[in-house]
Structures are given as structure tokens and as C-alpha cells.
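FYI, it's all coordinate maths here, none of it is from the lab. Since the model is a prediction, treat every value here as computed from it, not as a measurement. FYI the Cβ positions are ideal-geometry reconstructions off the backbone, even for glycines, and counts take in every protein chain you see.
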């Protein structure tokens, strides 16, 4: 019997049959889900404008670390390099792409995709250590020396393994996974596996659970060490996280009473979390309040927080559509619209930008519309 967290970790990253090490069905044909970069080139084009602003705010360093956590098929990094090679050759020459990925099928796809780019600072691949291995001050083996630039992740944090919790008879219980009599995985609810879970739950929900019977929630204990490891890449710079999620109070609200865990397969969403481990994508909403709080504790400053619709509109989505309408098909324009549609990716996806050791005062275009309660 193992915790749901360990089940999710093995299903995602197990060396023999993990979803992201062996299967990774990202994309339209034969895939399980589409990310924003796979949906429309508008995403990379507008993100490139945001990265240009970040580069200028750092004084155009050489090298500029462009660190992507969870680069998927390599689509976003390849698109960004293509854009900068054409639109800003001097920046292209300063770029140092660093891809944080699990060894396996995705790294192979990324290496193949980036082979065409002749860079002064060739792409590097790094892998996050397992939780606990990166808790010391020593840099993980092969980690880049601290530099200036950007750590970014699109649909990365949602895939980190989470502990699954539920209020039963007035107290918190944790989900474990074991084999039933039929040999299939089944849920077993028991005592909390980690003392830290109890303190986080108490902070979030209080001690009186009388009105919370049946409440489910998820907690990602991997989040602090993952952010700490990525922070070690930067002497100064930014973190940009784009993912589906919300501030903590909304994730723990009545309308999320059933939790946020979902499974994706064949572009269909399901709550059958235990079926076909390693063949489905398991995800949970990102608690952006917790992300922001962890980074603030590492002396990061909040630069912006908004939804993807407002962020892309602030960066010039309408202008992109007008400039490309004549050469794009109706289907391509509809797919671009998915990025900002309030019932698709536009509202559920949030964008968080935080900075470290950067002079204050810069207003970033992607966040000029604002409109959301801040995560801190």
C-alpha cells in the first residue's frame, strides 16, 4: 500500500512505465491533451514579447538563461527560438536554453526538435532530483551556476504529485492505493502520512471541520523543494508560471468541495484516477497563493497575476489576430481563440510573474489589465 502521492509520482515519472517518461501523449493526433503552445502559434509569439520585456528589465545579460520546466514536446522552446532568431538575432545569440525534463521520451523529442538551432550557448538538459534530495544548500549535480534570466513553466506545476485528503467523521484522512481482491487498484483511506500535512490543513481549513464533511483537497509537498531547486539557477531574474489553478481560498471553497484531481486521456477528462496508471495524465489545480508565498519567502517580488485571457490581450492578442487573419484558416483562428475563450483556457489558466534582485518600477504589458485578487 502506498500513498496516492507516491502512486501519482510513479504513474507520472516511473522509469519503466511513467506517463512522462514513456508515453507522454501531448498533441493533437493520438494525444491526451493540448497545451497552449500546441494549440496556436499566437501563444509563443506573445510570450516572446513578454520575454523581451524581461530581458530589457535585466539589462540584456549575456548569457540570458531561458529555463523551461516541463518543456513537453519542445514545441514552445523551438517556437521561441525560431521567433528570436528572426526578430531579434542579437538576443538569439545571448540565449542559453535550459530544459528541465525527466530523462525519457520527452527529452528525446526535445533534442530532436532543437537540433536545428545554432546557438552560442547550446541547449542543456537538467533533471529535478527526487523530493528530499534537493533540500540542502549544495547545488544538484549538473545544475547550472546561478545566472540572470527567466524560469518559466506552462502546465508543469499541475503535474507534480499531490497528497489526496478528505474529511471523514470530523477529521482528515489520507488516500492510499492498494490492490483489491480482483487485483485492481483501490482507494484505502487512513491516517495522514506526514506531520506537515496536518499543519497545512489546519492553516487552510481551521480546526472545526463540522461543516466540511466529505471535503476533499490536495496538497503538493513537492512544491517547495521544486521551486527551491529552480531558484538556485537564478542570481537575479524572474519566474513565470502559467497553469490552471487559482488562489488558495478559491481552491478550498465550497464549489471545489470534491477536490481538483482529474485524469486526461484521448482529450477527454475523467475522474477515474486509478485506471491505466502511466497511460493517463493525472493533474491537480495549482494553488497560486502557495506558489507566491513560497517564492516571497525566497525574496521574490510579485510583478503580476492574472488569467491567461487578460495576459494575452495585454500582450496584443487582438493585434496578432488582425496581422495574421488573411493568412490563417478559419480553424487556426478558432484555435487561437481557444487561448482566450473564458469557457476554455482563458479564465481557468492563470499567469504568475515574480522577480528576484530586480529593480522595482517596471510595469509588464501582460499584466496591465489585472482584475484578479492577488495571490499574496
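State whether the stretch 37-81 is rounded, prolate or oblate according to the following rule on the C-alpha gyration tensor (a ≥ b ≥ c being the square roots of its eigenvalues): a/c under 1.5 gives rounded; otherwise a/b larger than b/c gives prolate, and the remaining case gives oblate.
oblate
At a Förster radius of 30 Å, what calculated FRET efficiency corresponds to the Cβ-Cβ distance of residue 169 and residue 269, to the nearest 0.05?
Efficiency at R0 = 30 Å is approximately 0.50.
Per residue and in cubic angstrom, what volume does the convex hull of the Cα atoms of the stretch 269-326 have?
Dividing the Cα hull volume of the stretch 269-326 by its residue count gives 176 Å³.
Over 5 Å intervals from 0, what percent of Cα-Cα pairs in the stretch 223-376 sits in each interval?
For the stretch 223-376, the binned pair fractions read 2, 8, 14, 17, 17, 16, 13, 9, 4, 1 percent.
Can you compute the helix-only [θ] at 222 nm over the chain? Use -39500 (n - 2.57) per DSSP H run of at least 4 residues, normalise by all residues, nearest 500 deg cm²/dmol.
The helix contribution divided over the chain gives -9000 deg cm²/dmol.
I'd like the projected area of the stretch 111-261, averaged over all directions, using the convex hull of its alpha carbons. Report it in nm² with one decimal.
13.0 nm²
Given 0.36 nm per residue, what is the gain on full extension from residue 210 to residue 105 after removing their alpha carbon distance, in nm?
33.1 nm
Over the alpha carbons of the stretch 328-376, what is the largest minus smallest coordinate on each principal axis, giving the biggest first in Å?
Principal extents (largest minus smallest coordinate, Cα): 44, 23, 17 Å.
For the stretch 184-312, taking Cα atoms only, what is the radius of gyration to one decimal and the Dmax to the nearest whole Å?
According to the Cα coordinates of the stretch 184-312, Rg and Dmax are 16.8, 49 Å.
Please give the contour-minus-distance gain from residue 186 to residue 326: 0.36 nm per residue of separation, less the Cα-Cα distance, rounded to one decimal in nm.
Working it through step by step, the gained length comes to 45.1 nm.
Hey, any idea what Rg/Rh is for the stretch 48-191, computing Rh the Kirkwood way over Cα pairs?
In the stretch 48-191, Rg relative to Rh is 1.13.
I need the Kirkwood Rh of the chain: take the reciprocal of the average 1/r across all distinct C-alpha pairs and report it in angstrom.
Its Kirkwood hydrodynamic radius stands at 21.5 Å.
Given the stretch 176-227 reduced to its alpha-carbon atoms as identical point scatterers, what log10 I(q)/I(0) does the Debye formula return at q = 0.29 Å⁻¹?
Each listed q corresponds, in turn, to -1.21.
Can you compute the label reach from residue 299? Point 7 Å from Cα along the Cβ direction, backbone N cut-off under 15 Å, restricted to the stretch 202-241.
Under cut-off, by backbone N: 231-238.
Each label point is 7 Å from the Cα along the Cα-to-Cβ direction; what then is the distance between the points at residue 124 and residue 196, in nm?
With each label point 7 Å from Cα toward Cβ, the separation is 2.7 nm.
Give me the Kirkwood hydrodynamic radius of the stretch 237-301 in Å, from all C-alpha pairs, to one decimal place?
By the Kirkwood definition, the hydrodynamic radius is 13.7 Å.
With only alpha-carbon atoms counted, please give the Rg and Dmax of the stretch 147-196, in Å.
17.0, 55
Give the Rg/Rh ratio for the stretch 44-120, taking Rg as the radius of gyration of the Cα atoms and Rh as the Kirkwood radius, to two decimals.
Result: Rg/Rh = 0.96.
Report Rg(Cα)/(2.2 N^0.38 Å) for the stretch 1-93, keeping two decimals.
Its radius of gyration relative to the 2.2 N^0.38 Å reference: 1.39.
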